[in-house]
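Here the structure is laid out as structure tokens; the discussion comes afterwards.
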Amino acid sequence: MRTDTSPGSLPAREHLPAAGAGTPVLDVVVPVHNEEKDLRPCVLRLHDHLTRTFPYGFRITVADNASTDATAHMAARLAAELPEVTSRRLEQKGRGRALRTVWSASDAPVLAYMDVDLSTDLNALLPLVAPLISGHSDLAIGSRLTPGSRVVRGAKREFVSRSYNLILRGSLQARFSDAQCGFKAIRRDVAQVLLPLVEDTGWFFDTEMLVLAERAGCRIHEVPVDWVDDPDSTVHIVKTATDDLKGVWRVGKALATGSLPLDRLARPFGDDPRDRELTGVPRGLARQLVGFCVVGALSTLGYLLLYSGFRLFAGSQLANALALLVSAVANTAANRRLTFGVRGRGGAVRHQAQGLVVFGIGLVLTSGSLAALNAATADPGHSTELAVLIAANLAATVLRFLLFRAWVFADTAPPATGPGDGTDLGDGR
């Protein structure tokens, strides 16, 4: 995974200005490899649809990646016949490589791509790109897995698609619903910042782009589509799935180690209302409470399991101290990332050290409760010990949240900057 410096901040979202004469607003890329049979009907159908329904200037770019049949000749003929069609020949194979090459060179403010089989109904094209033109969103994807989508395909491909997207949700915490639908669009100014960070040159290219965009704070718009499977598809499911899983591992490792400079992609001040300083309004209190409660419930469960395990070979005080120490380190790390949105390694050691101070306070509360219980009864039952510890931990939890918010992570909010000054907001996002 690349670790070079980011090309710059993501641009503020604005409605696209009226394009000059002859300048296309939309560039639709059709990546192809040995598609001499389907290319011409695809381009003619797409061109007819855009001519009749799209209210802006457009371009269709055929990106031929290393075809060995007559695809390149057919693309050149189409470009000669239709002024809105161009062709680009690449000598290396790879859908991602073709998209990166054409998108990086395009002058259109909105960039899109679709598969040559046109499995997605073209009536979804205008809803796909409209949020990008208006400035509402940064990327847009067609989704076969959202309510309202109508899909016709075999059970095998349905299973593979849903399993893959579940893997993305579980391993990379992806929130978009369908990474594989060959129907996507992105604003050119956003693509210029994100594309240098995307490594894959094959089928995993757009999945990687979506994951990085989501982590960088981009808004991804989803459009339910009508989609009919192409029975003559040349996609090799097993090889593609294997390459995708390798990509998931690579991207997940880079995100876990902090080797991606996504914190430098924060938007200029003023684009996201959450970045603004509001007098008298606690920043993200409701979201932080929800995140803290979820982390707290999981860490409490882990603490009780650890305590029960340590209690098999140690006294109650030692078992409590060991279980609380292990769960406190995990709790601080989880709250740092999930509750207070701190990413990267900066300040991690200091936060853990402060978290251990908070742990010490919790230890005093729980140990004191156990001492009081042992003073009240000579041989308390295990269930009684657990009940006392739960009550003590509830009190320690309230105190822990207050200390985390007011002391440990008090300095993680992004600093205020002048509107439109183009400076980054740091890693508070």
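Yes/no matrix, rows are residues, columns are (1) closer than 21 Å to Ala185 by Cβ; (2) within 31 Å of the chain's Cα centre (by Cα):
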residue	(1), (2)
Thr23	yes, no
Glu36	no, no
His47	yes, no
Thr51	yes, no
Phe54	yes, yes
Thr61	yes, yes
Ala70	no, no
Top-ranked residue of the stretch 82-98 - restricted to ones that are of a type outside the set (Val, Ile, Thr) and part of a strand (DSSP E or B), ranked as least open to solvent (accessible area, probe 1.4 Å)
Leu90
Pull up the stretch 316-345, narrow it to residues that are out of contact with any Gly (no Cβ under 9 Å at 6 or more places or on another chain) and open to solvent by 40 Å² or more (accessible area, probe 1.4 Å), then point me to the one that is nearest to Thr397 (Cα to Cα).
Leu325
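This table checks each residue for (1) under 26 Å from Thr86 (Cβ atoms); (2) touching a residue at least 24 places away in the same chain (Cβ under 8 Å).
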residue	(1), (2)
Ser119	yes, yes
Ala124	yes, yes
His136	no, yes
Ser143	no, yes
Pro147	no, yes
Leu166	no, no
Gln173	no, no
Val193	yes, yes
Gly202	yes, yes
Kindly indicate which of Ser367, Ser383 is surrounded by fewer than 13 Cβ atoms within 10 Å (Cβ to Cβ), more than 39 Å from the chain's Cα centre (by Cα) and either within 25 Å of Arg336 (Cβ to Cβ) or of a type outside the set (D, E, K, R) (or both).
Ser383
Can you confirm whether Arg162 is open to solvent by 10 Å² or more (accessible area, probe 1.4 Å), assigned to a helix (DSSP H, G or I) and closer than 15 Å to Glu214 by Cβ?
no
Single residue of Ala378, Ala406 found to be farther than 23 Å from Ala297 by Cβ and surrounded by fewer than 13 Cβ atoms within 10 Å (Cβ to Cβ)
Ala378
Being open to solvent by less than 10 Å² (accessible area, probe 1.4 Å), touching a Phe, Trp or Tyr at 6+ places or on another chain (Cβ under 6 Å) and either within 14 Å of Gly182 (Cβ to Cβ) or at pLDDT below 95 (or both) is the filter here; which residues of the stretch 99-119 pass it?
Leu99, Met114
Being assigned to a loop (DSSP other than H, G, I, E, B) and out of contact with any Lys or Arg (no Cβ under 7 Å at 6 or more places or on another chain) is the filter here; which residues of the stretch 45-81 pass it?
Phe54, Pro55, Tyr56, Gly57, Ser67, Thr68, Asp69, Ala70
Condition test on Ala130, is it free of Cβ contacts under 8 Å to residues at least 40 places away in the same chain, within 30 Å of Ser149 (Cα to Cα), among the small types (Gly, Ala, Ser) and open to solvent by 30 Å² or more (accessible area, probe 1.4 Å)?
yes
Only one of these is among the basic types (Lys, Arg) and either over 24 Å from Leu289 (Cβ atoms) or part of a helix (DSSP H, G or I) (or both): Arg343, Arg336. Name it.
Arg336
Checking the structure you have, find out if any residue of the stretch 12-29 is under 29 Å from Asp64 (Cβ atoms), at pLDDT 95 or above and in contact with a Cys (Cβ under 9 Å, 6 or more places away or on another chain).
no
Output the residue which, of all residues in the stretch 158-174 that are over 16 Å from Lys246 (Cα atoms) and among the charged types (D, E, K, R), is modelled with the lowest pLDDT.
Glu158
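The values are calculated or read from the model by the stated rules, or taken from the named source; none is laboratory data. Please read all numbers here as calculations on a predicted model, not as lab measurements. With ideal geometry, Cβ positions are generated from the backbone for all residues, glycine too; neighbour counts draw on all protein chains shown. Ligands, DNA and RNA are stripped out before the accessible areas are found, and what is left, the full protein with its side chains, is counted by its heavy atoms. Shrake-Rupley method; radii C 1.70, N 1.55, O 1.52, S 1.80 Å.
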